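The values are calculated or read from the model by the stated rules, or taken from the named source; none is laboratory data. Quick caveat: nothing in here was measured; it's all calculated off a predicted structure. All Cβ positions, glycine included, derive from the backbone under ideal geometry; neighbour counts span all protein chains shown. When the accessible area is computed, the model is the full protein with side chains, heavy atoms only, and any ligands, DNA or RNA have been set aside. Shrake-Rupley method; radii C 1.70, N 1.55, O 1.52, S 1.80 Å.
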Amino acid sequence: MSSLISIGTSVVAKWPSTSNYYKARIIDYTDNNHYVCQFLDGSVIALPSKYVDLPEKFQRTTKRISLMRNEQIFLDHSLSFYSLIMSLGWIGIFLYVQHWFHYNPDIDNLNRPLSHAPYQQYPLIVIQYLLLWFILQLIFARYFPHIGKEELIYLKESQPSIYYKHHSNSLFAFIITCLIMYIFREQIPLRELTKSYYLLALFNLGIVLILSLILLTNKLFSRYSSISFNEHDHNQKQTHFDFHLFISIRPGIILWPALNLLLLLTILKYNRQISIRFTISILLQTIYIINVFINETTMIRQSLDISPPSSFDALFTNLCWVPFMATLTSFYIGKSHQPVHTYILLSSIIFFSLGFLLQRLAIRQRLAFQALNNSNIDDSVMVNDSQRILTSGCWRWCRNPHLLAEILMVIGWTLPADVKCIAPWIYTFYIIGMTIYKAHYFDQTLRNTCTTGAYEHYIEHVKYTLIPFIY
């Protein structure tokens with residue numbers, strides 16, 4: 001053991017399943033001389049010696065980044081050639097789908113209710129209202145009160161001396177935004193903004209690219225580490241508002257229902273009638289989004305563990321992909337007056353209801369298990385010295401029932417669009433792909449934290465990853 005780094009030493013260690021190295025502290029050794037490392041967020045992981053080293057051993061190379069002036073230890077994936085190609089690919093798909101959908105004559109001729117000058121755009125109006133949108137959402141996020149008992153306080157490795165607190169008030173901001181849009185519906189240029197949907201997507205993409213360039217050139221990429229509220233010392237530390245987290249999440253996630261409401265108000269103003277399937281799809285999407293807002297703190301806490309919110313991927317996903325790909329369903333149904341069978345609408349409600357109930361049940365059972373301090377031996381499996389995994393209730397059906405619920409809900413609010421066009425289903429395919437990725441990511445992370453044989457014992461109790469009896 002003399003050749004090993006001493007217990008208690010601060011080191012730089014590789015995060016499992018990534019190429020990123022973060023600050024950690026050695027707290028123990030395993031029987032096979034692996035280091036047991038505790039990271040800044042409290043995660044405890046056993047790692048081989050080749051993935052652990054002293055900070056002074058790190059030099060500026062193409063694979064590792066040395067300690068910088070602000071003590072940041074983070075290797076950004078977006079700097080690699082592979083991830084750059086992937087990002088360009090996603091941008092290309094986004095632009096192609098948006099242009100094809102809004103300028104495809106086969107779609108445009110589906111009894112389009114807003115068929116006047118379909119190619120006309122209003123760039124000045126788009127710029128004005130996008131600027132107003134970001135200012136309003138910034139005010140709401142910064143000054144509206146926090147909603148809910150759970151609080152998210154975190155720090156960044158790039159600024160370890162500053163504590164940040166996330167205000168979970170998206171639901172409040174969503175309600176106020178909808179009220180403002182409804183009250184001022186006569187003053188808002190509804191038709192012009194609806195016609196400029198493609199231009200809105202292009203301008204948002206431009207904002208993402210500019211913000212990503214600013215973050216990259218100022219070395220603001222950083223891994224976030226959430227901390228317990230009890231660990232926060234109010235007398236010595238003051239929490240700050242995190243503009244980077246706001247810009248990467250809030251404007252885009254509320255833009256999704258705002259675009260749906262914009263289309264709804266436009267149709268009511270100029271057509272004075274809406275179809276049943278449009279109503280069902282909008283209603284189910286709104287319930288889904290409200291559910292996201294209610295669980296905002298938990299979802300953001302989980303997302304911080306996967307990728308930093310200040311990365312290009314997070315900015316592009318939340319500001320462009322989610323709001324403008326998800327609302328393709330609403331705009332497709334709004335353009336088309338083609339009837340759908342009643343059984344499709346009933347299936348839509350059934351799929352969504354099953355997913356919604358499953359998600360609520362999964363969250364409820366997990367919170368109840370955590371309230372018992374993971375001490376229920378009969379309904380859980382020990383995976384390491386300090387962690388148990390729930391294996392009862394819906395968590396016995398598959399290892400990720402909350403992700404299965406996501407798939408069921410998104411299929412539910414997409415079904416009213418029927419299957420005659422692929423555009424409204426693109427976001428559904430994206431969600432399915434992301435849930436599969438997340439399921440494998442969670443499994444791989446768990447596997448790396450398990451003691452010998454513990455992961456195999458766990459999958460004996462819960463065999464299926466995502467879909468019971470299938471996958």
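Looking across the range 181-206, the residues that are under 23 Å from residue 316 (Cβ atoms) and either assigned to a loop (DSSP other than H, G, I, E, B) or not aliphatic (A, V, I, L, M) (or both) come down to 196, 197, 198, 203, 204, 206. Residue 142 passes every criterion in (1) closer than 29 Å to residue 198 by Cα; (2) touching a Phe, Trp or Tyr at 6+ places or on another chain (Cβ under 9 Å); (3) modelled with pLDDT of 75 or more; (4) open to solvent by 80 Å² or more (accessible area, probe 1.4 Å) apart from (1).
Please find, within the range 80-131, the residue that is modelled with the lowest pLDDT out of those that are in a helix (DSSP H, G or I) and among the small types (Gly, Ala, Ser). For the range 80-131, the residue satisfying everything is 83. Take the range 170-206 and flag every residue that is at pLDDT 90 or above and among the β-branched types (Val, Ile, Thr). If the condition is that a residue be at pLDDT 90 or above and among the β-branched types (Val, Ile, Thr), then 175, 176, 177, 180, 183, 188 are the ones that fit. Within the range 28-67, how many residues turn out to be in a loop (DSSP other than H, G, I, E, B) and at pLDDT 65 or above? Total meeting the criteria: 10. Find the residue count for the range 281-290, including only residues that are open to solvent by less than 30 Å² (accessible area, probe 1.4 Å) and within 9 Å of residue 413 (Cβ to Cβ). Final tally of qualifying residues: 5. Residue 428 fulfils the conditions (1) surrounded by fewer than 18 Cβ atoms within 10 Å (Cβ to Cβ); (2) under 24 Å from the mean Cα position of the chain (by Cα); (3) of a type in the set (Ser, Thr, Tyr) except for a single criterion, (1). So if I check each of 340, 419, 381, which one is touching a strand residue (DSSP E or B) at 6+ places or on another chain (Cβ under 8 Å) and more than 21 Å from residue 295 (Cβ to Cβ)? From the options 340, 419, 381, the qualifying one is 381.
Taken over the range 368-383, residues that are at pLDDT 70 or above and closer than 17 Å to residue 454 by Cβ amount to 5.
Residues in the range 159-180 that are assigned to a helix (DSSP H, G or I), touching a Phe, Trp or Tyr at 6+ places or on another chain (Cβ under 7 Å) and hydroxyl-bearing (Ser, Thr, Tyr): 170 alone.
Against the definition (under 19 Å from the mean Cα position of the chain (by Cα), open to solvent by 10 Å² or more (accessible area, probe 1.4 Å), under 30 Å from residue 14 (Cα atoms) and at pLDDT below 80), how does residue 244 come out, yes or no? It is true that residue 244 is under 19 Å from the mean Cα position of the chain (by Cα), open to solvent by 10 Å² or more (accessible area, probe 1.4 Å), under 30 Å from residue 14 (Cα atoms) and at pLDDT below 80. Restricting attention to the range 390-407, the residues being under 17 Å from the mean Cα position of the chain (by Cα) and over 21 Å from residue 447 (Cβ atoms) number 3. When we screen 471, 455 for residues that are in contact with a Phe, Trp or Tyr (Cβ under 8 Å, 6 or more places away or on another chain), more than 30 Å from residue 276 (Cβ to Cβ) and hydroxyl-bearing (Ser, Thr, Tyr), the only hit is 471. Looking for whichever is open to solvent by less than 30 Å² (accessible area, probe 1.4 Å) and either of a type in the set (Val, Ile, Thr) or at pLDDT below 90 (or both) here; the options are 209, 215, 220. Which one fits? Exactly one of 209, 215, 220 is open to solvent by less than 30 Å² (accessible area, probe 1.4 Å) and either of a type in the set (Val, Ile, Thr) or at pLDDT below 90 (or both), namely 215. Where helices (runs of 4 or more DSSP H) fall wholly inside the range 310-355, the ranges with 2 or more residues that are assigned by the TED database to the domain that holds residue 289, more than 15 Å from residue 252 (Cα to Cα) and touching a residue at least 24 places away in the same chain (Cβ under 8 Å) are 328-335.
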